[in-house]
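Enquirer: Take this structure first; my questions come after.
The values are calculated or read from the model by the stated rules, or taken from the named source; none is laboratory data. In this text the structure is predicted, and so the values were computed from the model without any measurement. FYI the Cβ positions are ideal-geometry reconstructions off the backbone, even for glycines, and counts take in every protein chain you see. For the accessible areas, the whole protein counts, side chains as well, though only heavy atoms, and no ligand, DNA or RNA atoms are used. Shrake-Rupley method; radii C 1.70, N 1.55, O 1.52, S 1.80 Å.
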Amino acid sequence: MEKINLEGVSPEIISYITRLETQLTEQSTQLQVQSQTVESQKVRIDQLMNRLANFQKTLYGQSSEKSKYVLGEDTQQLSLFNEAEAEANRNAPEPDKVAVAGHTRKAKRTKEELAADLPVVEILCDLEEEQRVCEKCGSELRLLGKETVREELEIIPAQVRLLRYIRHSYVCKNCEKETGEATIVKAPTPVPVIKKSLASASTVAHVMYQKYVNAMPLSRQEKDWANQGVVLSRATLANWVIRAATDWLLPLWETLKMHLLNQAVIHADETVIQVLQEEGKKPSSESRMWVYCSGNTGAAPIILYEYQPTRSGEHARRFLEGFHGFLQTDGYSGYNKVPEVTRCGCWAHQRRKYEEAMPKTGTVEGSAATQGFEYCNELFAIEKDWKELNPEDRKRKRQERSRPVLEAYWSWLESVNALQGSKLGEAITYSVNQKATLSMFLEDGRIELSNNRAENAIRPFVVGRKSWQFSATKKGAQSSAIVYSIVETAKANNLNIYMYLVHLFNEMPGLDFKNNPYLLEDMIPWSLKLPDYCYNKKH
């Protein structure tokens, strides 16, 4: 403020001017504080609006992640109650036709392929004996030929029957006559999957398949068994799952872990699970289900789950002990505790943050969040062309095409001025903090652009969790982790999951794998010694 010459001015006026200056200074300070408060409140309002939008999207929006943002389109909430009406389409093609843009073309050999995968029962439609007479002259009709009129799919409901093992015993005639002591030989019997139990290999496999593949909780399975005339409590079903998982699937899980740690790339992620009865924790507290899966390296796919009571990075460090390759994850700092690995970031997480930062009202196009989102899309679009390339060629292509895009992105990032605490600010901060890990995909063709492989691997657990909501005990959660591991690894190796479980429970009780661990190699999902019935028909 410019100083005023006060010579010759009375003290009263000088005092008045001084008071005015003080008041102006105070008001200016108050305006600055209010301006800062308004800015802070704007950021807070923006954060709350984003949270509300995300919450509404979680409740009512689609769950799939779009590669392009959508403007002005109404979303429809799906309902299980009117699913048939909502999904019905009278123009939808039957399996013997294939839809092509613009028209419907009849597919070649589709029904022959279908018949090759399914057993076929021919239903002969013939004339009665007295009808095989010509209406015009009364002569006997001879067989001219036959034609296929139509084909239908038939469902045969599951049947439950009791397997009663009856063992024959033999005695030596001569020994009994000469010595008076009988030499008795009894026929061998298969080792049961669970001793002193009604459970067979097929029933345990069925319960696991329903719960861990079809996401049917044991409470509903209990009712399903009752409808078939068998009274089995959910406690009994749970005991079957836990015993079979601990006795037979856990050794296989440990073998798969040994193979996983020898691979070059591992993806990791974790999600929430609630365990009601866990020592030292409230029933409402959150525990964690961790997932570790192999990368796109050409080796057999492996997906392993592990239950832990917390999200501490110590669990990842302990699980990955001995692994020294590329570890691809999201930005969670807990993975920094894993030593002697090369961290790789996830561009899907980065893109999601920009999507969340897009303006909920007004113009989306041209916003900083949209520009960042489009940079991410460009990287993913380029990557689609190289799915079939070997790692060396993929690395070379990335250096040629992806590196310039990435360098342009980092340069653009420096020009963005985002409000601290806003969603855009969070997206920018994520990029800055993860710059080294987000750039790592340029250095090796085996590294993927995102951690979607781990997120997709954990999705079946998340879907199942919506049905059964929680685990009652720690032991149950651990067993679920083991079964999910075997089921998802079998699925990734194109096995028939149910038949593979039946094979394991038929064979493993009779194997001395504790003294001969190499026998477990014949049971892993990519073993060449698995019987043909363990594979899907399209294998």
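Enquirer: Order these peptides, 501-510, 411-420, by their mean beta-carbon neighbour count within 10 angstrom, highest first.
Expert: For the peptides 501-510, 411-420, the packing ranking is 501-510, 411-420.
Enquirer: Still on this structure: So if each residue of separation counts as 0.36 nm, and I subtract the Cα-Cα distance between Asn262 and Ser28, what length gain in nm does that give?
Expert: My answer for the length gained is 77.6 nm.
Enquirer: If you don't mind, another one. Quick one: 3J(HN,Hα) in Hz for the range 384-392, Karplus 6.51/-1.76/1.60 with θ = phi - 60°, rounded, Gly and Pro as x.
Expert: 4, 6, 10, 4, 8, 6, 6, x, 5
Enquirer: Now for a different question. Given labels modelled 7 Å from the Cα in the Cβ direction, how far is it in nm from Glu152 to Leu198?
Expert: The two pseudo-label positions are separated by 3.4 nm.
Enquirer: Any idea of the accessible area per residue across the range 238-355, 1.4 Å probe, to the nearest Å²?
Expert: Per residue, the range 238-355 has an accessible area of 38 Å².
Enquirer: Looking at this model, which pairs from Lys491/Lys537; Lys282/Lys474; Lys360/Lys435; Lys42/Lys360; Lys387/Lys529; Lys360/Lys423 are more than 19 angstrom apart at the alpha-carbon?
Expert: From the list (Lys491/Lys537; Lys282/Lys474; Lys360/Lys435; Lys42/Lys360; Lys387/Lys529; Lys360/Lys423), the Cα-Cα distance tops 19 Å for Lys360/Lys435; Lys387/Lys529.
Enquirer: Which length gain, in nm to one decimal place, applies between Lys136 and Trp410 when the Cα-Cα distance is subtracted from 0.36 nm times their residue separation?
Expert: 89.6 nm
Enquirer: What shape does the range 305-429 take by its C-alpha gyration tensor, where a ≥ b ≥ c are the square roots of the eigenvalues and a/c under 1.5 counts as rounded, a/b above b/c as prolate, and the rest as oblate?
Expert: Cα axes put the range 305-429 in the oblate bin.
Enquirer: Simple spin-label model, 7 Å along Cα-to-Cβ: Val462 to Ser35 in nm?
Expert: If labels sit at Val462 and Ser35, their model points lie 4.4 nm apart.
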